[in-house]
Protein chains: 2
Amino acid sequence: MHPAPFCRFLRLIGLLALPTLLHAAERPAPPRPNIVMIVADDHGLDALGCYGNPVIKTPHLDALAADGTRFTHAFCTTASCSPSRSVILSGQQNHRNGMYGLQHDDHHFQSFDSVKGLPVLLGEAGYRTARIGKFHVAPESAYTFQTVLSGGAANDPATIGRSPVAMAERTREFLESKDARPFFLYFASDDPHRANAVLPSGKPTFDTYPEPNSFGNRPAGYPGIDPVRYRPADVRVPTYLPDTPACRAELAEYYQAVSRLDQGVGRLIALLKAAGRYEDTLILYLSDNGAAFPGAKTTLYDPGMRLPLIVRVPGRQHPGAVQSAMVTWADLTPTLLDVAGATVDRTRFDGRSFRAALDGAEVKDWDTVFASHSFHEITMYYPMRVVRTRQHKLILNLAHELPYPFALDLIKSPTWISATASGGQLYGRRSIEKFLHRPRLELYDLERDPDEINNLADSPAHAAVQANLLTRLKDFQTATKAPWFHYWSYR
Amino acid sequence: MHPAPFCRFLRLIGLLALPTLLHAAERPAPPRPNIVMIVADDHGLDALGCYGNPVIKTPHLDALAADGTRFTHAFCTTASCSPSRSVILSGQQNHRNGMYGLQHDDHHFQSFDSVKGLPVLLGEAGYRTARIGKFHVAPESAYTFQTVLSGGAANDPATIGRSPVAMAERTREFLESKDARPFFLYFASDDPHRANAVLPSGKPTFDTYPEPNSFGNRPAGYPGIDPVRYRPADVRVPTYLPDTPACRAELAEYYQAVSRLDQGVGRLIALLKAAGRYEDTLILYLSDNGAAFPGAKTTLYDPGMRLPLIVRVPGRQHPGAVQSAMVTWADLTPTLLDVAGATVDRTRFDGRSFRAALDGAEVKDWDTVFASHSFHEITMYYPMRVVRTRQHKLILNLAHELPYPFALDLIKSPTWISATASGGQLYGRRSIEKFLHRPRLELYDLERDPDEINNLADSPAHAAVQANLLTRLKDFQTATKAPWFHYWSYR
C-alpha cells in the first residue's frame, strides 16, 4: 500500500517543482510537446480509483486524472491485444491495416507492409522515438521505433512488462537526454494481463484451476514495487462477472497487478518531473482492451471495449476535467500527429483528431463509434462489426452460427470454470447459453440496459433504430475497406 | 490443335535427339539430376487424356506420362493455392508451416520465418535454382530461389502465368547455361485457374454470369499457343458437377486453358531436349489443388484433393508405369531432397520420400494420407482435418456450424449460380443443402461410394472404422503440431 522510499523521494522532487506547476495553467501549450503513451494490457474501466472503484489503489493514475482529463466514453475498436495495438499505432481499423488477430506464435498476423505507423510518422516529423515493453505488432518496418529500450515476447513470464518500475527506470536515459528534438515514448506493460506458465512446446498454459490466475503476482515481488494485496471479500464484482469465490479470488489478483502497474506509472511520471520534462510532455494512459475475464476481453460488449483514457496536456487549463466525447483508439494516431503538428495525409486514417477535446472542452459530433473484431488466436474466428451510439449498440455477428470461441487464457480461467462447472445458468447477468450462442444481430438500449442483456434486434418497436444503425454499419464497412464486406452480398 | 511452326521446329530438334533417348533405359540414373517441377493451378484429375478423359487434348502431358510414371493416388493436403504450394515447397503441413490461407491481398498469410523451403535446401545442396510464374507463398526468405525468371501477382490477368509457351521460352537461358551445377526449375502456371477482371479497388471480380468464366482464354490468344477449343456438348461432366449448359460452357473454357498449359509443357520439354538436359532431368507435373469448380477446389472431397502427378525420372526403367502408392504434396520436398542426395534433418518434414515409388515399383505402407484445410480467403474460415485410406475417408469439420464458405471465384461461378438459381435440390450427386451445411464428422466408404454422398459417421456398423480413423487423425494432429488441436479438449 505504501510507496517505496525511493518513490517517496521522487515524489518529493515533484513537490519541489510545485511552483512551476502552479504557473502551468497560464502558459501556452508548447507547439511540439513530448508524448508519453502508456498502454496497459487488459485493464478494464472498472478497476481504477478515478473511474469510481472505491477499493482498488491507483493513486498515481488518479493523480494523473486529477491533473489532466479523464475520458468517460473512450473505446478500443477491437478487444484483442495485437489488433488493438495496431489500431492505436496506425489510426486504421485492424481489418484495414491487416492485423486481424494476434501477432505471436502460430497466430502470426501482421499489418500490411504498406502501413506507416505512428512512430514512423512522428520520426519523420522530427521526433525521437523509443518503446519499452510489450510490442505485439508486426511487421517491425510498419511500426519502427528508433530505439527499443527493452522488448519482450508476448506471454513470456520473464518479460520486463511485468516489472513496471524497472521499465520506468530503463527510460531514464531517454527522458534525460539533452537532444533538442521532442520525444515519443511508448510504454507498454504486460500488467494486468493474466499470467501463464510456458509448456515444453513453447505454448503458454493458463491452467491453474481451482487456484486463481496470478496475474503476474509472485512471492518474490518486483524491483521497486511495494505489493498492494487485496482480500477477495473486498473487491467489487462488476455486473458482467459472477459473484463467486473463484471470481473474487481472481479479481483480488487482478487488482494487485493493476496497483503494480500504477506504481510503474508513478515512477515514470516522477522521472519525467525529475528530468524537467513533465511540463512539456503530453501523457496518455489507456488499455488495449477490457479485462482478461470472459465477458470483457475479446467481446465487444462494453466491458471489452469501453476503457480508461486519461490524458494530461502540458500547459492545460482545466485540471481534473471529465470528457464525455466518444473517441476510439483509431483516433489516437491522428490526434497525436495533430498535436505534433505533423503534416500527414489524413485520408489514410479511419479515426480523426480529438485534439479539441483534450482539455475537457465540450465538443460536438463525437457521439458514435465503430468497432471490428475478427480473430484473437488464429483458431478463434468470430468476426463482429459494431456501431455504438450513446444510447444504442448494434452488433453484427458474421459467424454467429459458431459457438463463441474463447481466448486460451479465458477458457481456462477459474472464473469461467467455476461458473459453468457448478451447473448454473448465469454468468454475471447474462445466460451462459446466450453468451455461447449469439444471434446474427444484437441490438441493445444502453440507457435502459447497460448490461446488454435484452436483445432488441428485430423488435418492431426498434425497427427504425436498427435499420439506421445497420446502414451506418454498412457505410463504415465500405469506408474502411472491410474484407468481410462481401458477406453482405450473399448472406 | 496444331503447334505453331516454331514449336514444330523444336519438336524436330527433339526428334533428332531420338538415338540418345533409345539408350536411356540402359543408363543408371545420374546421382544428382536436374529437377523441373511444373505446378498447374487448379487442374483436376479428370481433365487429362492420360487419366482417362477421351475428349481433352493434352498430348504433351500424355507423352510425359508415357515416358514416365503416372500416379493414380496422389493428393494435395489442402485444396487452396497458397497453402498447398507451401506444402509442396516445405514438406510441412500448412498448419505447421504457418501458411493457413492465401498469401495475396487482404488474406496475407505467410509461413513462419523459421521455415526453410525446398529451393533454399536445394540451393544449400549445390543446386542452382530458378522459378517462373505464380509464386503465391511468403515470406520470400523461406522460399528463396536464386533467380526469378518472371514473377507474377496472383489474380493478375496480365501475369505471364497465363502464357505458358512464353514462360517456357523465358527459361531457355537458364536451361542452356553451361553452369556445371544441377538445377532446380519451378515452373508454375496460372492456367487453368479461373480468370477475373480487376476492379478499381484492386480486388478481382469473377462476376460473368450468365457468360462462362474465360479461364484466361482470350480472343487475342497467347504467343506460341495454337488454341484448342471445345464444344460444350463434347465435354465430360464429372459426377461432382451438375450437367447443365452453364457448367458445360465453363468446362469447355477450362479444357481450353488446360490444353494451353499442355502446349507450354510441350515447349518446356522441347527446350530441355534441345539443351541436351532431358536425360539428366527429373520432371514432375502436378496441380496445387482440384479444379476451380464448387465441389473440388477448397473442399477435401476427392475432386479437390486427388490430383494428377506425373514424374519422369532420368534413366528410368519402366516408361508408362502406373503407380498406386498414396502420396501427398507433403512428400514432395523430402522426395526431391532424397533424389538430390541432400543431407537434411528429415524430422522437420511431415512427409517422407517416395523415391522408391518413382519408377512404378510396388511399394508398401503407402496406404493412408492426411489433409488439413483452414482458410482460403481470410474471410473463408472452414478448418477441416482429413484422413483417407484406400477405402475410407473421415473428415472432421471443426467449424461445421458455419455454412460452407465459398472462394470468391466459386461463389460467382455460373456453374454454381445456375445450379442453385434454378431451384434444383442437387449439385452433382450431392444435395445443395448438404454441400452448404456439413456435420462435424463425415465418413465415406470410397469403394462403394466414390462420390462421397452417403455419410456413415455414427453408423453403428462403422463405429470401429470411425474410432480407428479418429485416433489416427488425432495422432496426426499431435505429430504435426496442429494449432487447432486444442479444440479437442473442449469441443
5 Å is the cut-off here: which amide hydrogens, built 1.01 Å from N in the peptide plane, fall below it relative to A:Leu45, excluding neighbours closer than 5 in sequence? A:Ala291
If the cut-off is a Cα-Cα distance under 26 Å, which lysines reach B:Lys297, setting aside same-chain residues fewer than 8 apart in sequence? B:Lys57, B:Lys134, B:Lys203, B:Lys393, B:Lys412, B:Lys434, B:Lys474, B:Lys481
Calculated diffusion of the stretch B:216-331, Stokes-Einstein form, Kirkwood radius summed over Cα pairs, 20 °C and 1.002 mPa s, µm²/s: 129 µm²/s
Could you please report the charge total around A:Ala195, scoring K, R as +1 and D, E as -1 over all other residues with beta-carbon less than 14 angstrom from its beta-carbon? -4
Have a look at B:Ala296, B:Val258, B:Leu272 and report the one farthest towards the positive end of the charge dipole of the stretch B:240-305, computed about the Cα centre with Cβ charges (Lys/Arg +1, Asp/Glu -1). B:Leu272
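Out of every Cα-Cα pair in the protein assembly as shown, what percent are more than 39 Å apart?
Numbers: 232981 of 481671 pairs.
Result for the distance tail: 48 percent.
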Residues with amide H under 5 Å of B:Asn53's amide H, sequence separation 5 or more or different chain, H placed in the peptide plane at 1.01 Å from N; which? B:Leu48
Compute the label-point distances linking B:Thr147 to its equivalents in the other copies; points lie 7 Å from Cα along Cα→Cβ; give nm, one decimal, shortest first. 4.8
Return the whole-Å distance between the Cα centroid of the stretch A:225-279 and the Cα centroid of the stretch A:100-137. 27 Å
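If you take each beta carbon of peptide B:374-381 and count the beta carbons of other chains within 10 angstrom, what is the mean?
5
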Counting only protein heavy atoms and leaving out ligands, DNA and RNA, the solvent-accessible surface of B:Arg346 at a 1.4 Å probe, in Å² to the nearest 10, equals 100 Å²
³J(HN,Hα), Karplus 6.51/-1.76/1.60, whole Hz, each residue of the stretch A:89-103, x for Gly, Pro: 9, 10, x, 10, 4, 4, 6, 9, 8, x, 8, 6, x, 5, 8
Tell me, what % of the accessible area of the protein assembly as shown is carbon and sulfur with a 1.4 angstrom probe? 55 percent
About its Cα centre, how strong a charge dipole does the stretch B:194-309 have in debye, to the nearest 20, once Lys and Arg get +1 and Asp and Glu get -1 at the Cβ? 160 debye
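Rounded to the nearest 100 Å², what's the accessible area chains A and B bury against each other, both chains counted, probe 1.4 Å?
On the way: alone 18380 and 18350 Å², together 34390 Å².
Chains A and B together bury roughly 2300 Å² of accessible area.
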For A:Tyr301, the accessible surface traced by a 1.4 Å probe with all protein chains present amounts, in square angstrom to the nearest 10, to 10 Å²
Could you calculate, for the stretch A:23-121, the ratio of the Cα radius of gyration to the Kirkwood radius, expressed as Rg to Rh? 1.05
What order do you get for B:256-266, A:278-288 when each peptide is scored by the mean count of other beta carbon atoms within 10 Å, highest first? B:256-266, A:278-288
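Counting residues in the stretch B:52-193 as N, plug N into 2.2 N^0.38 Å and put the Cα Rg over that result.
Working: Rg = 16.0 Å, N = 142, 2.2 N^0.38 = 14.5 Å.
That works out to 1.10 for the stretch B:52-193.
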Between the modelled labels at B:Arg346 and B:Ala421 (7 Å from Cα along Cα→Cβ) the distance in nm is 5.4 nm
When the Karplus curve 6.51 cos²θ - 1.76 cosθ + 1.60 is applied with θ = phi - 60°, which whole-Hz ³J(HN,Hα) does each residue of the stretch A:116-131 get, with x for Gly and Pro? 10, x, 3, x, 5, 5, 5, x, 5, 7, x, 7, 8, 10, 8, 10
Throw me the Rg/Rh for the stretch A:432-471, computed over C-alpha atoms with Kirkwood Rh, two decimals. 0.98
How fast does chain B diffuse by Stokes-Einstein, in µm²/s, taking the Kirkwood radius from C-alpha pairs at 10 °C and 1.306 mPa s? 70 µm²/s
Step through the residues of the stretch B:283-291 one at a time and calculate ³J(HN,Hα) from phi using the Karplus curve (6.51 cos²θ - 1.76 cosθ + 1.60, θ = phi - 60°), rounding each to whole Hz and writing x for Gly and Pro. 10, 10, 10, 8, 10, 5, 6, x, 4
In the stretch B:93-135, whose amide N lies under 13 Å from the spot 7 Å out along Cα-to-Cβ of B:Leu199? List them in ranges. B:106
Which value in nm describes the separation of the simple spin-label points at B:Thr239 and B:Ser177, placed 7 Å from the Cα toward the beta carbon? 4.8 nm
Zone of A:Leu446's modelled label, taken as backbone nitrogen in the stretch A:295-327 under 14 Å from a point 7 Å along Cα→Cβ: A:300-309, A:324-327
In debye to the nearest 20, how big a dipole does the protein assembly as shown give about its Cα centre with +1 on each Lys and Arg Cβ and -1 on each Asp and Glu Cβ? 860 debye
Suppose all protein chains stay in the model; what accessible area per residue would a 1.4 Å probe give for chain A, in Å²? 35 Å²
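The values are calculated or read from the model by the stated rules, or taken from the named source; none is laboratory data. Quick caveat, the model's predicted, so the values are computed rather than measured. Here Cβ is always computed from backbone atoms with ideal geometry, including for glycine, and neighbour counts include all displayed protein chains. Just the protein is used for accessible areas: all its heavy atoms, side chains included, with ligands, DNA and RNA removed. Shrake-Rupley method; radii C 1.70, N 1.55, O 1.52, S 1.80 Å.
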